[in-house]
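Only one structure is covered here, and it is reproduced in the block below.
The values are calculated or read from the model by the stated rules, or taken from the named source; none is laboratory data. Everything quoted here is computed from the prediction, not taken from an experiment. Every residue, glycine as well, gets a Cβ built from its backbone with ideal geometry; the counts of neighbours run over all protein chains shown. Ligands, DNA and RNA are stripped out before the accessible areas are found, and what is left, the full protein with its side chains, is counted by its heavy atoms. Shrake-Rupley method; radii C 1.70, N 1.55, O 1.52, S 1.80 Å.
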Amino acid sequence: MKEILLFFLLPVVVCQQSFFIAKKTYADCTQTQFFDSATLTCVACPANSGTTAAKPNECKCNKGFKTSYTLASSVLALTCTECPTGQAMSLDGTACYSCGSGASLDASSGHCTCDNSGEVLQEQNAAGVFEASVSCSPCDSTKTANAQSDKCISCPLDLALPNTNQCTCTVSNTIDDVCFAESQSLSAETTVTRAGQQISSALFASNLISSYQKCLDGKDSVACNFLANLCVLQLSSSSGSACSLLAQVQTGRQPLTTIQSWREQLPWIILSQTDYQSLSTYAGIEKVFDYQSSLNIAIATYSVNGTYLGLQKGTGGLLQLCKLYDNHLDKLWSFGAPVKQTCTIKVENSGDTKFLDLYLEDDDKLYPLPVITSCDSSCSATVNSELQYTRRIFTADTISNTDYARALTSLTFTTEITEEGKILPPKVQAVYGDVSSVEGAFFDAAFELKYERSSGTAEEQWKIVLGVLVGVFFFISLILFISWNRRNGTMMLDGTMIIKFLLAILDGLAWAMFVTSASFAIYWFFAKNSVDPGQLPEDQSTLFITVTVLAFVFKFVNVIHIVLDQSYADVFFIDWERERPIAEGDQSMKKTTASKISIWRTILAANEWSEIQTTRKTSITLQLFVVIFLLEVLNFDDYGCTTPSQSPAFKFNCENDAQRQDSLYLRAGLAMIVYGATALGQFIINRLIISMFFNPILNFVDLLSVMNVSLFTLTHKQFGYYAHGKSVHGRADTDMLDLQNCLRREANGQTGTRGLEPGQDITTFEIKVTTEFRQYYDTFYRAAMVGNTMGAGNEDEHNKSQVESYRRLNTFLQKFFMHGLPSLKMQFNSKGLIEKFLDIEFSTQPQPVVSDLYRDQRGETIGNALFYGNESHLVVFEILAFVVFDIAFTSFILSAVITYVLSQIIRFLRQTLARRNLSSRTMIDKRFLV
């Protein structure tokens, strides 16, 4: 029954194990406790014993009690036995006797003292047995007086074996002249491996066995720490001789009550993989950290021989391989502020060898920090391939041999944040390297503080968000493709339809990836600079770069698609001017002839249309100037640094180029915020202020009305835009005075409205034509472009025929918009909110029988045929270009230059193709299109 109960209770006990110790110093121990420097705890002394201020880590029997050692469980245990009344303790405290001739009892010390100076107590006879009553006389010839000549020296502790009366050791118990309490069977190597070579070590040869004996038999904390230090010099490898001996000592020791793997009066040096996992995942740290907190690292420091030097703070600079000014040391450990330092150090400047046990300090608790040690390529291949789990590190080994020094070349602290302000114990990684000890030799060193968020689902979150957005934008792209298909009147699957479908999908993917990358980058930017301390998921940087670059590539394809679509649209300017009879010569009263209609109005209209092809709602030049001014001049780029802006270390870490670390996410988020906010600011100013005085689209439409010219353009086979410019005055070819009078009459309301519909002022429309209209239009257009050459005997006849075809096309469009073609009817409609948002027409069939004109209340719809109406696509493309090139070159200035050049190339391509297309479609020489 007990076994069954134990089986169920054991997991509970293990799960409730705490991985911290109470913070203790010498001052915390009472006189009946000694300070164990191996475990940093106060341990009770045996009965009738205590400590002194001079030796707080050693128990000594109280006055009036003699000292004896008994062998129990292979360990010498201290026992204090009270001396009979009237007797004194021997000077070494191991016996009781009476004070005889020439001696008297000193009540303050509890020892016999000689009445006469120059004498020493004769405590033992020639056989080494304590006398029942001691007298003062010179030491026996077999003994030696001590330096003060106040006592005769007896056998050392390691030879004072129980039940023996002589200072000799059994041969079977002696190893390298060191006597053990029991017979030992061991062989310890006294060489060290440096740079792949086995080198003799005087340090190991002189101290390995003796420290092992004192630690094993005497529970000497200093000796145990010395043995542990020798183990650490072998990188805590279980195959090392010192570590093997330490493991043997550990086998016979009882565990501490708080940490099962830590044995009493032994330093906790060698960790199993289970121990390492338990320490690194211990979630019992109660402190809640914020950006004003510091990572309080406490360092238990030991000298080479194991002497405890005290508990130091990490801010003291002991762990900084690359030295800093004192006023920077406290900022270095600011919580949530990553640090990475590199430097070159001379071997002779690496300092004295010290051994360090690392803890996280939280008020009165110390949490042991797990360490992984390894050796770089300068060590042997065997050592280099092994990762050792340990608790102690050393600064630099310049003492184990004279040929090579083993230096700490890299020290990394990695702190995992589990939730808001809660952390796990920082994990430490120490990397060593072997360097020649010749004068002037140097090595490269690195120190790093990293913070990680417990974000095992980061990649899953990426996939979920990206998957949802891809689905949403795929649906939107599908709607846009359907809209294109309806506007194009395509009823059969062909190559063009497949290409358009793929282009629509690519654009949807571009938007989905842009929104995903922008959302995560901007979220992490604000999260990092908010009250929630956390580390960026740099392990997902490859995914972020991939998504962002693909978004840029797909958006680039989309922009080129827009450029080509707009550059090859059908364009025609309808001239409403009529021929008027004019007087000719002296026969003006009798004979008249029709005047010729001026082509200059059409040329002016085409030239204005050409000029606004690349007009936008934002200025790329102003945009990049403001962005670079904010980022580089006002130093907004400092917020791309991994150190949060609320951290005391922000200025030190982010304004120092040598110290600064930038994050891919923060730079991308900062770039998107600054670029997007600047573009939005330009857009708002343009809409609220500039457009009130200068609107290129409305100005162009007004100019058409003054010139008595309309614009008709088809961006799709059966869909396009119409700007009605038929003058309310009936003419435009007139002199200045007549023009001013016409405009004044219109301003005074003495004319009709400009709108295409009677009594309406709406002059711009979206138009969806029927298949029959398109066929008529193509017939007239081909005739105008090619000309009827049948019967033409020369170029003049050809040109006349071509111009006549052009006039017929002009007349055809005039009649169509004036409802003069009974077979080609049209009707006026207004789009609904959803139709406007999705840019689709729901009110018509795929093959309509009546052409539809959709009213444009704002008058800017024709901007969709220009860059002006595609601002969002261009801004997103520029943002992605700016971010992608900054990822590639880590330079905002260089990425701005590349973005500007790329934008100008696209603008030049659009302008050049538009001029060529406009010249071809309108028969206007491109030299007029300046």
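Data table
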item	result
Candidate set from segment 349-361 (those that are open to solvent by 20 Å² or more (accessible area, probe 1.4 Å) and not basic (Lys, Arg)); member that is farthest from residue 19 (Cα to Cα)	349
Filter result (outside any loop (DSSP other than H, G, I, E, B), at pLDDT 70 or above and either crowded, with 18+ Cβ neighbours inside 10 Å or acidic (Asp, Glu) (or both)) within segment 563-591	563, 565, 566, 567, 570, 571, 572, 573, 574, 575
Failed item in (1) more than 17 Å from residue 222 (Cα to Cα); (2) surrounded by 14 or more Cβ atoms within 10 Å (Cβ to Cβ); (3) modelled with pLDDT of 85 or more, with residue 102 passing the rest	(3)
Any hit, segment 287-297, residues being open to solvent by less than 40 Å² (accessible area, probe 1.4 Å), in contact with a helix residue (DSSP H, G or I) (Cβ under 6 Å, 6 or more places away or on another chain) and either over 30 Å from residue 420 (Cα atoms) or charged (D, E, K, R) (or both)	no
Odd one out for residue 640 among (1) open to solvent by 10 Å² or more (accessible area, probe 1.4 Å); (2) in contact with an Asp or Glu (Cβ under 6 Å, 6 or more places away or on another chain)	(1)
Residue within segment 318-333 that is part of a strand (DSSP E or B), modelled with pLDDT of 80 or more and either crowded, with 16+ Cβ neighbours inside 10 Å or not assigned by the TED database to the domain that holds residue 430 (or both) present	no
Test: residue in segment 514-533 that is at pLDDT below 80, open to solvent by 10 Å² or more (accessible area, probe 1.4 Å), of a type in the set (D, E, K, R) and under 19 Å from the mean Cα position of the chain (by Cα)	yes
Count of residues meeting criterion [assigned to a helix (DSSP H, G or I), without any contact (Cβ under 8 Å) to a residue 60 or more places away in the chain and not hydroxyl-bearing (Ser, Thr, Tyr)] in segment 651-696	13
Residue in segment 63-79 that is without any contact (Cβ under 8 Å) to a residue 12 or more places away in the chain, of a type in the set (A, V, I, L, M) and open to solvent by 70 Å² or more (accessible area, probe 1.4 Å) present	no
Filter pass, residue 415 being open to solvent by less than 10 Å² (accessible area, probe 1.4 Å) and among the β-branched types (Val, Ile, Thr)	yes
Selection from segment 9-38 of residues that are of a type in the set (Val, Ile, Thr) and at pLDDT 80 or above	21, 25, 30, 32
Hits in segment 702-741 (condition: open to solvent by less than 10 Å² (accessible area, probe 1.4 Å) and among the β-branched types (Val, Ile, Thr))	709, 713
So residue 380, is it at pLDDT below 85 and either of a type in the set (Gly, Ala, Ser) or within 20 Å of residue 225 (Cα to Cα) (or both)	yes
Subset of segment 268-297 [farther than 28 Å from residue 245 by Cα and outside any loop (DSSP other than H, G, I, E, B)]	294, 297
